[in-house]
1. Could you give every pair whose Cβ atoms fall below 8 Å, whose first residue belongs to region 14-41 and is touching a residue at least 40 places away in the same chain (Cβ under 8 Å), and whose second residue is in a strand (DSSP E or B) and among the basic types (K, R), counting only separations of at least 6 or pairs across chains?
2. Take the residues in region 207-255 that are more than 26 Å from F96 (Cβ to Cβ) and hydroxyl-bearing (S, T, Y); name whichever of them is surrounded by the most Cβ atoms within 10 Å (Cβ to Cβ).
3. Would you pick out the residues in region 185-233 that are farther than 18 Å from V264 by Cα and of a type in the set (A, V, I, L, M)?
4. Can you tell me which of E296, E270 is surrounded by fewer than 16 Cβ atoms within 10 Å (Cβ to Cβ) and not small (G, A, S)?
5. Can you find a residue that is farther than 21 Å from A147 by Cα and surrounded by fewer than 24 Cβ atoms within 10 Å (Cβ to Cβ) anywhere in region 36-44?
6. Of the residues S97, S64, S127, which is under 24 Å from G257 (Cβ atoms), of a type in the set (S, T, Y) and either part of a loop (DSSP other than H, G, I, E, B) or in contact with a strand residue (DSSP E or B) (Cβ under 9 Å, 6 or more places away or on another chain) (or both)?
7. Can you confirm whether I154 is within 16 Å of the chain's Cα centre (by Cα) and either surrounded by fewer than 16 Cβ atoms within 10 Å (Cβ to Cβ) or modelled with pLDDT of 90 or more (or both)?
Amino acid sequence: MKVLTIGEMLVEVMRKDVDRPLDEPDDFVGPFPSGAPAIFIDAVARLGTPSGIVGGLGQDEFGSCLKDRLVGDGVDLSSIKIDENLPTGVAFVSYFSDGSRRFLYHMGNSAAGIIGKEDISRAYITSGGLLHINGSSLAMGKAMREACYKAVTIAKEEGLIISFDPNLRTELLGVERTREICSPLLSSCDLLLPGADELKGMTGMSNEEDSAQSLIDAGVKLVAVKDGASGSRFYSEEGVVSTDAYEVKEVDPTGAGDAFSAAVVVGWLEEMEIQTLTRFANAVGAQAVTKKGPMEGLVKRAVITEVISKDGS
């Protein structure tokens, strides 16, 4: 089955060293291809599953950087929209030794948000077997949000599998607004891929297990909770499976959650048993943090197979 997604595409330009604030002169490295949906779909492709994305790019060098990476990894870009007047979106990033990050986005007047519902065709959506939506795309603006909702409606009508990674910062949007934005996806998705705090924030419950169970009872087939160094917990009708994280040296955590989500989707389509799926997703997410750049730690299937094999699984 082909996996499709919709959303923002951008490049990251980051400080070369840690603890270098963005308001002072210092060295940068990049550009690195980025954007949560783009990271996700590239990870899907590198794991060997057909994939495609609907998104917007400027007709510039940063756009070429993204296209070259995605096309090189086998992602279908036939539904990409190129804008001759707007630049490709950019995020400037600084990392700090306490683990925090500072992002400075140049997105509002860029091609990253030009996708609207008029760019979503039933023919393209039905060319896939699974549609993935990222919460960051819902927060890009009304046009992008309506495009995502339209795609979900088509996918639901045509019987596609729908996966949803909330990836929304409740502290910025507010709890009520977050729930409002997520509601159409929560009522439609088959696979939910939240962080631990996101899950509780969306349901309004203080207990993770109760939150997950309420969604399973409402029709979600799998709630895969990603929890960084604490590993992951997968909830389904069969119960919960918890798996420890792989120990790796973290270089750049950006994109690890998107890589994890890609692995869950790929494993689900391959009908992996839950115990196998949790290890697979954890391994992919762990490898994603080992290199500087959101997509640079995305690896091919053979590497993940070797990692899991060495772990004795």
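1. That search, which allows pairs on different chains as well, returns P21/R102; L22/R15; L22/R102; F28/R15; V29/R15.
2. The residue in question is Y235.
3. M202, M205, A218, listed by residue number.
4. On inspection, the qualifying residue turns out to be E270.
5. No, region 36-44 contains no residue that is farther than 21 Å from A147 by Cα and surrounded by fewer than 24 Cβ atoms within 10 Å (Cβ to Cβ).
6. Exactly one residue qualifies, and that residue is S97.
7. On the way: within 16 Å of the chain's Cα centre (by Cα): no; either surrounded by fewer than 16 Cβ atoms within 10 Å (Cβ to Cβ) or modelled with pLDDT of 90 or more (or both): yes.
So I154 fails the test.
The values are calculated or read from the model by the stated rules, or taken from the named source; none is laboratory data. Bear in mind that the values here come from a model prediction, so they are computed numbers and not experimental data. Positions of Cβ are generated from backbone atoms using ideal geometry, with glycine treated the same way; all protein chains shown enter the neighbour counts.
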